[in-house]
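See below for the structure under consideration.
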Amino acid sequence: MYLRKAQSLLIAFAAFVATCAWSQPYAMLQPPQPTEGGGKIEVIEFFWYGCPHCYHLEPSVAAWTKRAPKDVVFKRVPAVPSDAWAPMASIYYTLEAMGLLEQYHQKVFDAIHKDNENLGNKNVLDRWLAKNGIDAAKYHEVEKSFTVATKVARAKQMTQAYKVDSVPKLIVNGKYATGPEQAGSMDGIFPAVDQMVAAARRDKG
């Protein structure tokens with residue numbers, strides 16, 4: 001009798017844990033980080049161009065940003081947990097500084113994951129730039145600029161502050177965090193983001 005009761009309690013507890021995990025597919029960031037949303041709810045995607053999961057998530061990112069609520073501001077941050085990731089962050093911020101990011105962001109992903117181009121290699125990168133009509137000399141001039149160096153350093157600082165140990169990682173208002181593990185799958189990430197946005201909206205009252 002006691003054994004059956006204990007088993008029933010264990011089953012009930014497991015069901016409770018599973019329900020909680022399903023209903024809240026995100027974690028609380030400790031400590032919370034200050035936001036730069038200008039009064040809007042800030043959604044940050046930490047990513048890395050070399051990450052296949054980030055590459056496969058990109059269509060969902062593009063789709064979600066098109067339907068994002070008006071009280072939300074979306075930002076990408078190339079994660080820099082180590083110096084080995086810095087070259088990809090440099091590509092992102094150099095293209096941004098040149099006003100070419102929107103045009104070439106997806107193409108960088110495609111070059112790495114579809115065409116197997118190692119854009120971390122300068123010679124390969126220069127060939128890719130030439131193929132895409134980008135002046136390599138101008139690119140490297142901008143790449144060495146104070147603006148790009150400062151943004152890469154800031155991305156490294158944010159990666160540490162937000163405790164980003166894997167990508168993709170989505171953060172809402174410096175307080176709520178999700179990724180494939182918390183959301184249960186890649187497909188669960190943006191439904192989780194919607195829940196986090198709703199929670200942030202409740203926080204604002």
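No value in this document is a laboratory result; all are computed from the given coordinates. Because the structure is predicted, anything quoted here is derived from the model rather than measured. Cβ sites come from the backbone with ideal geometry, for glycine too, and all protein chains shown count toward neighbours.
In the neighborhood of Lys169, defined by Cβ-to-Cβ distances under 12 Å, what is the net charge if each Lys or Arg adds +1 and each Asp or Glu adds -1?
That works out to -1.
Would you mind checking the tilt of helix 189-203 against the longest principal axis of the Cα atoms of the chain, expressed as 0 to 90 degrees and rounded to 10?
It works out to around 70 degrees.
In the chain, if the dipole is taken from +1 on Lys/Arg beta carbons and -1 on Asp/Glu beta carbons about the Cα centre, which of Phe146, His53, His113 is farthest to the positive end?
His53
Of the DSSP beta bridges with both residues in the range 27-203, give the percent that are antiparallel, rounding to the nearest 5.
Restricted to the range 27-203, the bridges split so that about 55 percent are antiparallel.
Taking the Cβ of Val148 as the center, what net charge do the other residues with Cβ under 12 Å away carry, scoring Lys and Arg +1 and Asp and Glu -1?
0
Give, as a single signed number, the net charge of other residues whose beta carbon lies under 14 Å from the beta carbon of Ser82, with Lys and Arg counted +1 and Asp and Glu -1.
Neighbourhood net charge equals -1.
Given the Cα-Cα distance of Ala198 and Gln30 and 0.36 nm per residue of separation, how much length would full extension add, in nm?
Contour length minus Cα-Cα distance gives 58.6 nm.
Compute the semi-axes of the equivalent ellipsoid of the range 27-203, taking the square root of 5 times each eigenvalue of the Cα gyration tensor, and list them largest first in whole Å.
29, 17, 15
Under a straight-distance cross-link criterion of Cα-Cα below 18 Å, which lysines are reachable from Lys175, leaving out those fewer than 8 residues away in the same chain?
Cross-link targets: Lys40, Lys75, Lys163, Lys204.
With everything on Cα atoms, drop me the angle between helix 86-97 and the longest principal axis of the chain, reported from 0 to 90° to the nearest 10.
70 degrees
From the helices alone, meaning DSSP H stretches of at least four residues, give me the mean residue ellipticity at 222 nm for the chain, per-run term -39500 (n - 2.57), in deg cm²/dmol to the nearest 500.
One gets -18000 deg cm²/dmol as the mean residue ellipticity at 222 nm.
Report the charge-dipole magnitude of the chain in Debye, nearest 20, computed about the Cα centre from +1 at each Lys and Arg Cβ and -1 at each Asp and Glu Cβ.
Dipole size: approximately 580 debye.
For the range 28-118, what does the alpha-carbon gyration tensor say about shape, rounded, prolate or oblate, given a ≥ b ≥ c as the root eigenvalues, a/c under 1.5 as rounded, and a/b over b/c as prolate?
Note, shape of the range 28-118 comes out prolate.
Note the angle between two axes, namely the Cα long axis of helix 101-113 and the longest principal axis of the Cα atoms of the chain, as a number of degrees from 0 to 90, rounded to the nearest 10.
80 degrees
For the pair Asp187 and Ala137, how long in nm is the line joining their label points, each one 7 Å along Cα→Cβ?
If labels sit at Asp187 and Ala137, their model points lie 5.2 nm apart.
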